[in-house]
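The values are calculated or read from the model by the stated rules, or taken from the named source; none is laboratory data. Treat the numbers as computed from the prediction; the structure is a model and nothing was measured. Cβ coordinates were reconstructed from backbone atoms using ideal geometry, including for glycine residues, and neighbour counts include every protein chain displayed. Calculation scope for accessible area: heavy atoms of the full protein, side chains included, ligands and nucleic acids excluded. Shrake-Rupley method; radii C 1.70, N 1.55, O 1.52, S 1.80 Å.
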Amino acid sequence: MATEICRMRNVDRSPVSFSMSENEISRAFKGFKNRDEEWMAIYHSHPTDRAYPSQEDILFHNYPEIPYIIVSLVQNKPAVRCFLIENSLVTELKIELV
Ligand SMILES: [Zn+2]
């Protein structure tokens, strides 16, 4: 169960791509380790595209064991989907809200 959201800056400063700062990632990992917590997922939004990993998402996803949550804002109601990406293979996971 997720108990915290760790917001990261988009160092790309772009509405169509994102990258996280290595320093912010390192700081987040240290925080998780100090609190004996685990990193459960990475999330980002697609303001103008569907909730599915883009080619860039697939190419640059460096954490195959970490689920990737994508929120699409294309429709009136946001669409939220979750995926694992490993070796360019995209597998959708079911999201359960408790
Ligand atoms: Zn994306």
**Study point:** Electrostatic dipole magnitude of the range 40-93 [Cβ: Lys, Arg +1; Asp, Glu -1; Cα centre; debye, to 20]
**Key:** 260
**Study point:** Computed label-point distance, nm, for sites A79 and R35 using a 7 Å Cα→Cβ extension
**Key:** 3.2
Practice item. Quick one: net charge around V74, please, counting Lys, Arg +1 and Asp, Glu -1 for every other residue with C-beta under 14 Å from its C-beta. Key: +2
Check your understanding: When DSSP assigns beta bridges and you keep just the ones with both residues in the chain, what percent turn out antiparallel, to the nearest 5?
Key -> 65
Practice item. Using θ = phi - 60° and the Karplus relation 6.51 cos²θ - 1.76 cosθ + 1.60, list the HN-Hα couplings for the range 79-88 in order, rounded to whole Hz, with x at every Gly or Pro. Key: 9, 10, 9, 10, 9, 9, 10, 9, 6, 6
Point to revise | Phi to ³J(HN,Hα) by Karplus 6.51 cos²θ - 1.76 cosθ + 1.60 over the range 14-24, Hz, x for Gly, Pro | key: 10, x, 10, 8, 8, 9, 9, 5, 4, 5, 5
Practice item. Roll a 1.4 Å probe over the protein heavy atoms and report the accessible area of F29 in Å², nearest 10. Key: 90
Review point. Whose amide H sits under 5 Å from the amide H of S45, counting only residues 5 or more places off or on another chain, with H placed in the peptide plane?
Key: V71
Check your understanding: Once the Cβ-Cβ distance between M1 and Q55 is put in as r, and R0 is 35 Å, what FRET efficiency do you end up with, to the nearest 0.05?
Key -> 0.65
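Just the C-alpha atoms of the range 40-93: what Rg/Rh do they give, with Rh taken as the Kirkwood radius?
For the range 40-93, the value is 0.96.
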Revision key, fill the gap. Reported to the nearest 10 Å², I95 has, with a 1.4 Å probe, an accessible area equal to 70
Review point. Around R27, what is the net charge, scoring Lys/Arg as +1 and Asp/Glu as -1 over all other residues with Cβ under 13 Å from its Cβ?
Key: +3
Point to revise | Charged-residue dipole, Cβ positions (Lys, Arg, Asp, Glu), the chain about Cα centre, Debye nearest 20 | key: 340
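Mind checking the alpha-carbon convex hull of the chain and giving the volume per residue in Å³?
Working: hull volume 10.6 nm³, N = 98.
With only Cα atoms used, the chain gives 108 Å³ per residue.
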